[in-house]
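Below is one structure, written out as structure tokens; the observations come after it.
Just so it is clear, none of the values below were taken in a lab; they were calculated from the coordinates. No experiment lies behind these values; they were computed from the predicted model shown. Neighbour counts are summed over all protein chains in view; Cβ atoms, including those assigned to glycine, are modelled from backbone coordinates with ideal geometry.
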Amino acid sequence: MIHWLTQPITELGRQIDAMFYWILAITGIVFILVEGLLVYYIIRYRRTHAEQQGLDYHGNTKLEVLWTLVPALILVVIGYFCVPLVQAAQTPPSNAIVIQVIGHEWSWEFKYPNGVDTQGSEPLRIPAGQNVLFKITSGDVIHDFWVPQFRVKQDAVPGRETRVWVNVTDTDIGTYPLRCAEYCGVLHSQMVSTVQVLSPADYQSWLDGQAKAAASKAQADQLKAQQAKQTGSAPLGDATNGQKLATQFGCLSCHAIDNTQKAGPSWKGLAGTQVPLSDGKTVTADPAYLKESIQSPTAKVVKGYSPIMPQTQMSDSDVNDLVAYIQSLK
Ligand code: CUA
């Protein structure tokens, strides 16, 4: 078989490919037959001298019936074999691991069964050899969840839940591209991620590790908030983590950290300055303003810039970390 497409990594994907090749063969034969006859008749019955006239045919009922029925029959046969595949793709097994997929401008968020929630440029992680059901939705506009190697593709629609399930073959452990396949705004082309297919043991230990890390971070945050309350000074967040988040969430595609001109205001030396706004007012870039600008980007728009920044789904503690990072850019 010719491998011009990426290899499917699920059994269903392989069946879909087989179906595709059958349809390609049938339509290919019809194409060659029709075009071949056309070319043959053009040459065979061409006008050979100037006064030659063509015959004046007025239809042929038998032929018309034949060339309507034969293609219709071919379509029915194709449909007969395709319907079970479509049904299988849309009927998740009841024992599937459920992962929630949420599209955002312009990154994917994944929620795992034990409460682990990854965002930004974090890849999707799934175990091989197990049924995995994706419950897909969107936090803003329509996106489209697409892993070419799955051979299934599903829109992420705000306010609605769509579903797709897969079972990746044990031998296909590896990393595959995950794309947004629906135009969703200016950075649609950068809404690119990956899916990591892990062995069930690796998947479980990653998941457990994440849950532990989340728990200890929550504890540390609580402690820091208490300290900040007592001393009234220390920054609320962790600038090092904030730096990581700035890359993960793609903030730095629009905000410079070295005063170069980008789509959004530069962060360098921003904290504490007086910022002129588009409505003529001025505001001090204190933590409260920075926080508001991350959480509701269009509440205050800086003079000379457009209100194009998307809403991000960041936890409160992530926002604090990001603000701490911006404050650290002197
Ligand atoms: Cu999201 Cu395109």
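The condition (being under 26 Å from residue 202 (Cα atoms), part of a strand (DSSP E or B) and among the acidic types (Asp, Glu)) is satisfied by just one residue among 109, 122: 109. Mind listing whichever residues of the range 46-96 are of a type in the set (S, T, N, Q) and farther than 28 Å from residue 163 by Cβ? Answer for the range 46-96, where residues must be of a type in the set (S, T, N, Q) and farther than 28 Å from residue 163 by Cβ: 48, 52, 53, 60, 61, 68. Provide a single number: the residues in the range 83-106 that are part of a helix (DSSP H, G or I) and crowded, with 16+ Cβ neighbours inside 10 Å. Within the range 83-106, residues that are part of a helix (DSSP H, G or I) and crowded, with 16+ Cβ neighbours inside 10 Å number 1.
If you take the residues in the range 179-189 that are under 24 Å from residue 12 (Cβ atoms) and assigned to a loop (DSSP other than H, G, I, E, B), which one is nearest to the ligand (Cβ to nearest atom)?
The qualifying residue nearest to the ligand (Cβ to nearest atom) is 182.
Counting only helices (runs of 4 or more DSSP H) that sit completely within the range 238-330, zero hold 1 or more residues that are acidic (Asp, Glu) and touching a Cys at 6+ places or on another chain (Cβ under 8 Å).
Take the conditions (1) within 16 Å of the ligand (Cβ to nearest atom); (2) of a type in the set (Ser, Thr, Tyr); (3) in a strand (DSSP E or B); residue 176 misses just one of them, which is (1). Given 116, 132, 192, 166, which one is within 16 Å of the ligand (Cβ to nearest atom) and either in contact with a Phe, Trp or Tyr (Cβ under 7 Å, 6 or more places away or on another chain) or closer than 26 Å to residue 312 by Cα (or both)? Exactly one of 116, 132, 192, 166 is within 16 Å of the ligand (Cβ to nearest atom) and either in contact with a Phe, Trp or Tyr (Cβ under 7 Å, 6 or more places away or on another chain) or closer than 26 Å to residue 312 by Cα (or both), namely 192.
For the range 173-192, does any single residue satisfy the condition of being surrounded by 15 or more Cβ atoms within 10 Å (Cβ to Cβ), of a type in the set (Ser, Thr, Tyr) and more than 21 Å from residue 115 (Cβ to Cβ)? Looking through the range 173-192, at least one residue is surrounded by 15 or more Cβ atoms within 10 Å (Cβ to Cβ), of a type in the set (Ser, Thr, Tyr) and more than 21 Å from residue 115 (Cβ to Cβ).
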